[in-house]
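Comments concern the structure below.
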Amino acid sequence: MQFETRLWSFTQGVRGRIAISVLIGMIAAALGVIRLALLGWLIGLIFLGQSVDELVMPIIFAALVMLIRGIFEHWRTMTAHETSAIVQKQLRRRLFDKIVSLGPGYTGRQRSGELVLTLVDGIEQLETYFGEYLPQLFISALTPLMIFAFVAFLDFPVALILLVAAFVALAAPSAWHKFDTKRSLERQQAYAAFASDFLDGIQGLATLKSFGQSGSRTELLKKRSFELFRSTMWVLATNSLSRGITDTSIAVGAAAGLGYGAYRTMAGEMELTTLLIILMMGVEIFRPLRDLRTVLHQGMVGLSAAQGVYKILDAQPVVLEEHSGNSTTRLEPSIDFDSVSFSYPEHSHIVHKCLNFNISKGERVGIVGSSGCGKSSIVKLLLRFHDPGQGSISIGGKDLRNITLDQLRREISVVHQDTFLFHGTIEENIRMGNPEASETEITDAARNANIHEFVTTLPDRYKTIIGEKGIKLSGGQRQRIAIARAVLKRYANFNFR
Amino acid sequence: MLLQGLFLRDTPILILDEALSAVDAENEYVIQQALDRLMKNRTTLVLAHRLSSIIKCDRILVMDQGRVVESGHHEALMKKDGIYSALMNEQVREAELKELVNGEEESMFVNNGTVEQIDESLRDMPTEGIIKAEGLNWKQLIVELMRHIMPWKGRLLLTFSFGVLRVLAFIGVGIFSALIVLALKNGTDFTIQLTGLMLVASLSGILHWIESWVAHDMAFRLLAEMRINVFRKLDKLAPAYLVRRRTGDLMGIATQDVELVEYFFAHTVAPVFVSILIPLAVITFMTTVSFWMALALLPFLLAVGFSPLLMRTKVDLLGSKAREAAGELSAHAIDTIQGIAEIVAFQQGFNRGKVFEELTNHHISLRLPFFRELTFQTSLLEVLTGWGGLAVVCTGALLTTNGSLDAGLLPLLTILAMSAFLPVSEIAQIGRQLADTLGATRRVYALENEPVVIADGAGEASSDLSSGVSFQNVSFSYPGRSLSVLQNLNFEIHAGKTLALVGPSGAGKTSLAQLLMRFWDPDKGSISLNGIELRDYKLDDLRSRIALVAQDTYLFNNSLRENILVAKPDATELELSEAVKLSALSEVVESMPDGLETIVGERGASLSGGQRQRVAIARAFLKDAPFLILDEATSHLDALSEHTVHKALNLLKTNRTTIIIAHRLSTIRDADRIIVLHEGRMVETGTHKELLQKTGLYRQLVSKQLSGSGLKDFKEN
């Protein structure tokens, strides 16, 4: 059966809850069998010719057991959902923080559609894995023993038959576990490929339309969508095959148990009432195994989603955080590039070859050069989105590698050439420079960037929503908001301490 | 001392990375002053290709091939006749033109107080963002989804048949078992029954497998179709519609929301029929044995069957709201991942994460009550099923005591009664689950039913490619907004001529270009190309006649080659290399590890702004359309590349009608005609020389730009 030690490590903090789920689930399963056994016993009593008056108490008892079973079942499922919710919250935040800590050096080389699919959809799939699949797996593993214990109490040989059937039903699907995992992984990749190409397609739709190329993108998406369909069917094929085996062994097991029981009854080795109980229990006795079968699919999708999660969690940050740096002492604002050589990961092209320059405190230095000569890479190195291959960069005489990332980025304000504005209001976008800023500081910053006048003409002024990537503004307006943001950052530390 | 201490706590290092390249002249001047204030006493690194940005630096470093090759003051570097002077010569010459317009710094329109127009649809425009899960009711939902299924009638019938067989086999196991007990009780032989039992038992698993396969095969094929339809629809609505939407949400619709419709296709349609057929058959059979038995069972069966229809409002609302919440989660995640550089630089990771967590919590807070309802329903069904069986046993007990029923039949009847619940409770279970599907389908259809504003014209193909353009009384405002972007615009461009559009940012220049591409339609007046109204063209035909180099270049996460070939997928290798050469892209290609095959990364992340712009220009060269629109096409280029590109563009412009939108003098000076736009109106028109002789807006814009270059201040210092 699918059990992964790595996924198990994510359950920290909810293991107690999972144990409770298993316990409640076991009781619910036992009650489920008992309520049907009671029906068989009742019919047995009727066979023996008991009067209706004598049956009143057993009937009320059976009705009560059914009700309690319902309550337990409800309890079990809700516990499962609550556990899932906790895991979902924890895991999603953990993954989010990991992506942020990996930074632009990592995400620039990934496809955002895929990352988001893992972050939103993938985590949701894992949610069912932890909430429902995992407890059910434990319950199922204990079921054969429970069945045996219960039926052996009625009749030992029949119990043996049922035990064998239960083991086959439980063990058969794991025969193609490996195959399943492979197929699940393929499906996850197909899904991610579709999502990424879809997102890329709509974000660049204006470009595609200008060139009349949206048709070819549609063709590509058609292909991706079909691949997704095909890989889904492959997952289903192996999945429903193992379901088929489980189902068949359950049905055949129940039938064989009954058939053998019938011969034993005929030979007088077993009571007819016992046979009635076995009859009424029927396949219900295997219920936990059937339940496992229905969540098996989710378990599998969860496993394939887990591949996406691992991929992010295992990613090595391009730069390593150094904790030894003392973040309280201020650095002297001088910059020194000492024999810096740099090329982007997986790229052979050398961006910087033995780059040397220094900027002393308070100095204003301009850097010019034809585009692509490595100007912007200097910024990326200074912010430590990447580390140089050779040589060292230092601020205030201290190597960047010995400064915490937090402190480093607190020292520097940047206005980029491609500013990124977030979906939200103008105020929220400027406020990124300093979340604590007062309203006056924000308008001051906006005035400095010559955007205030414009903002006042808007219906909702600073509360105006500017759309994704500031799509509702012109290029110049976007740039000025970015400048306001940087201007505001100037005040940031002034206010903090 | 105290003041100094406070000051030192400021962000001490400032980096300006081409911060002003997208800003127009008028704003550049003002912002440069603000930046000058900001730079005071602060260690500053300015990366720029524009003279105005770097001229006041204490020291200028000139880079070439990854190392510093020259260093010094502006004037010293200019004298050197090296790379710097090559890069800056043109701009210095331009700045010196200032003599021409000297002495007009104060202006009447262009000052800090100029009220800009809102560039795009902001006023009175509902900012919807996330697509709402509203509208569609159950009846409409079923009609809509059935419309999709109808072409698959055969498969649907197959699913239904296997569904019936599967349930029959399942019930058969119970029936044969009960018959064996009956035979035992009566002391007769049960070999036949046992054979039947073993046969049916082995069949039940296989039938389930086939049913599930057939149903899913149909369902997932339909989903694949729906996903494509989402994109097709967006294709028709873009780009106007995308202004109001969030791409992460749209991606969510094409992936997760569509996925949820699977419930309906695979687990609802056929099972509904099965769940009506089987209980009916059971009740009929029961009636033939004993009317009372059937009567005892019926209320429970009805209660289970109708339960999914009751108390719907709350679940449906929860399901729909949850879909919106999920959409918002995706939208936020996309925004974060694509803007990660900004988040990291401004140390907003924690805050962004907090918002993300709140969105997750919101989603969960909608899910838990939903699951509670769902689980309650399931448990209730379980209890009712048990009680239904019990009711049959009780009635049986009464009937056997008064002798009207053979007790031996009791196990059979009980098992039959309980199995009647099987398909019904399956469907009841799905019924609740369908609240998700409803929410998801509502969102898919909200998109599907969005009216397409810009539609194909009759398509009067004109073979004449000479492309004269005329605007007659054109007024335009963005939908749902009162403020007009363009007002009563009248002008004409003769075929083969070049027109330059200038004006303060927000004057409507880009909107004008987008009207020509028919991304929007004007409210009043008409625009025609070659004497034919734009609306009469087929959209593909119209757009194939125009090459637009837009302000922002979008690059797909493909190879450089594929990104250029977007303009003409069937271009020959020769055409491609020609376009690369003309757009000054050869160097870039050479510096790439895999040349043209290099993957450019998400949104072209591995290229600089200037490199991306050159890809856009290469596309325009490759497209080779008779009508060319350059919207700030060279603003990110350094002087040397710009020079190369301009030479090539001049070549391209011959015999082509061209509209240039720019705020840089060098780009517009040579136009046949210049139109000055201000607040959506044409305030001046003429050639560069003519306009300079007037004392209008153009002269002021030029004056601003030249003084913005800082050369004058520099010289005075």
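The values are calculated or read from the model by the stated rules, or taken from the named source; none is laboratory data. Computed from a predicted structure; not experimentally measured. Methodologically, a virtual Cβ is constructed for each residue, glycine included, from the backbone with ideal geometry; neighbour enumeration extends over all protein chains shown.
Looking only at residues in region A:310-331 that are loosely packed, with under 11 Cβ neighbours inside 10 Å and at pLDDT 75 or above, the one that is nearest to A:Leu381 (Cα to Cα) is A:Gln316. Given the condition within 12 Å of chain A (Cβ to nearest Cβ) and buried (at least 21 other Cβ atoms within 10 Å of the Cβ), answer yes or no: does some residue in region B:304-322 qualify? Within region B:304-322, one or more residues are within 12 Å of chain A (Cβ to nearest Cβ) and buried (at least 21 other Cβ atoms within 10 Å of the Cβ). Just one of the listed residues (B:Val261, B:Val269, B:Val214, B:Val230) is at pLDDT 90 or above and in contact with a helix residue (DSSP H, G or I) (Cβ under 8 Å, 6 or more places away or on another chain), and it is B:Val230. Taking region B:660-686 as the range and being β-branched (Val, Ile, Thr) and either at pLDDT below 75 or within 26 Å of B:Asn89 (Cα to Cα) (or both) as the test, the residues that pass are B:Ile660, B:Ile661, B:Thr667, B:Ile668, B:Ile674. Report yes if B:Val392 is within 30 Å of B:Phe556 (Cα to Cα), part of a helix (DSSP H, G or I) and more than 7 Å from chain A (Cβ to nearest Cβ), otherwise no. The answer is no for B:Val392.
Going through (1) crowded, with 18+ Cβ neighbours inside 10 Å; (2) within 11 Å of chain B (Cβ to nearest Cβ) one by one, A:Gln188 falls short only on (2). The residues of region B:173-188 that are crowded, with 24+ Cβ neighbours inside 10 Å and more than 7 Å from every other protein chain (Cβ to nearest Cβ) amount to a single one, B:Phe176. For B:Ala547, indicate whether it is touching a residue at least 40 places away in the same chain (Cβ under 8 Å) and either of a type outside the set (A, V, I, L, M) or in a loop (DSSP other than H, G, I, E, B) (or both). The answer is no for B:Ala547. In the set (1) modelled with pLDDT under 75; (2) touching a helix residue (DSSP H, G or I) at 6+ places or on another chain (Cβ under 8 Å), A:Ile285 fails one condition alone, (1). Filtered by the rule that a residue be modelled with pLDDT of 85 or more, of a type outside the set (Val, Ile, Thr) and within 20 Å of A:Leu292 (Cβ to Cβ), region A:2-31 gives A:Arg15, A:Arg17, A:Ala19, A:Ser21, A:Leu23, A:Gly25, A:Met26, A:Ala28, A:Ala29, A:Ala30, A:Leu31. When A:Gly362, A:Gly366 are screened for being in a strand (DSSP E or B) and over 38 Å from the mean Cα position of the chain (by Cα), only A:Gly366 passes.
Residues in region B:581-593 that are free of Cβ contacts under 8 Å to residues at least 40 places away in the same chain and within 14 Å of B:Gly610 (Cα to Cα): B:Leu585, B:Ser586, B:Glu587, B:Val588, B:Val589. Could you check, for region B:187-206, whether at least one of its residues is assigned to a helix (DSSP H, G or I) and charged (D, E, K, R)? No. Of all residues assigned to region B:519-539, at least one qualifies as being part of a helix (DSSP H, G or I) and among the acidic types (Asp, Glu). May I ask you to list the residues in region A:191-200 that are buried (at least 24 other Cβ atoms within 10 Å of the Cβ) and at the interface with chain B (Cβ under 8 Å from one of its Cβ atoms)? Matches in region A:191-200: A:Tyr191, A:Phe194, A:Ala195, A:Phe198, A:Leu199, A:Asp200. The number of residues in region B:216-244 that are among the basic types (Lys, Arg) and surrounded by 19 or more Cβ atoms within 10 Å (Cβ to Cβ) comes to 2.
Residue-level check: of (1) at pLDDT below 60; (2) assigned to a helix (DSSP H, G or I); (3) not polar (S, T, N, Q), B:Arg123 misses just (2). Here region B:537-549 is the region considered, the condition is being among the charged types (D, E, K, R) and surrounded by fewer than 20 Cβ atoms within 10 Å (Cβ to Cβ), and the residue that is farthest from B:Lys236 (Cα to Cα) is B:Arg545. Checking each residue in region A:442-462 for being of a type in the set (Phe, Trp, Tyr) and under 40 Å from the mean Cα position of the chain (by Cα) picks out only A:Tyr462.
Return a yes/no flag: does region A:375-386 have any residue that is at pLDDT below 80 and not in a strand (DSSP E or B). Scanning region A:375-386 turns up at least one residue that is at pLDDT below 80 and not in a strand (DSSP E or B).
Applying the criterion of being more than 7 Å from every other protein chain (Cβ to nearest Cβ) and surrounded by fewer than 19 Cβ atoms within 10 Å (Cβ to Cβ) to the residues of region B:343-360, the residue that is nearest to A:His416 (Cα to Cα) is B:Phe350. Could you list all residues from region B:44-62 that are at pLDDT 80 or above and over 19 Å from A:Ser413 (Cβ atoms)? Of everything in region B:44-62, those that are at pLDDT 80 or above and over 19 Å from A:Ser413 (Cβ atoms) turn out to be B:Arg59, B:Ile60, B:Leu61, B:Val62. Output the residues belonging to region A:149-185 that are more than 14 Å from every other protein chain (Cβ to nearest Cβ), buried (at least 17 other Cβ atoms within 10 Å of the Cβ) and under 30 Å from A:Ala267 (Cβ atoms). Matches in region A:149-185: A:Phe150, A:Val151, A:Leu154, A:Asp155, A:Ala159, A:Leu163, A:Ala166.
Note on region B:31-81: among residues that are in a loop (DSSP other than H, G, I, E, B) and among the hydrophobic types (A, V, I, L, M, F, W, C), the one that is nearest to A:Ser360 (Cα to Cα) is B:Cys57. Of the residues making up region A:392-409, those that are part of a helix (DSSP H, G or I) and either touching a Ser or Thr at 6+ places or on another chain (Cβ under 7 Å) or among the hydrophobic types (A, V, I, L, M, F, W, C) (or both) are A:Leu400, A:Asn402, A:Leu405, A:Asp406, A:Gln407, A:Leu408.
Evaluating A:Val379 against the criteria (1) among the hydrophobic types (A, V, I, L, M, F, W, C); (2) within 30 Å of B:Ser591 (Cβ to Cβ); (3) touching a residue at least 40 places away in the same chain (Cβ under 8 Å) leaves one unmet condition, (3).
Taking region A:152-263 and the helices (runs of 4 or more DSSP H) fully enclosed by it, the elements with 3 or more residues that are among the hydroxyl-bearing types (Ser, Thr, Tyr), under 22 Å from A:Val295 (Cα atoms) and in the same structural domain as A:Leu276 (by TED's automatic domain parsing) are at A:177-203. The C-beta contact set for region B:441-459 (first residue among the aromatic types (Phe, Trp, Tyr), second residue assigned to a loop (DSSP other than H, G, I, E, B), distance under 9 angstrom, 6+ apart or interchain) comprises B:Tyr445/B:Gly135; B:Tyr445/B:Leu136. Restricting attention to region B:496-536, the residues that are basic (Lys, Arg) and either within 14 Å of chain A (Cβ to nearest Cβ) or surrounded by 23 or more Cβ atoms within 10 Å (Cβ to Cβ) (or both) add up to 2. In this structure, does B:Trp213 turn out to be surrounded by fewer than 20 Cβ atoms within 10 Å (Cβ to Cβ) and among the aromatic types (Phe, Trp, Tyr)? So B:Trp213 passes the test.
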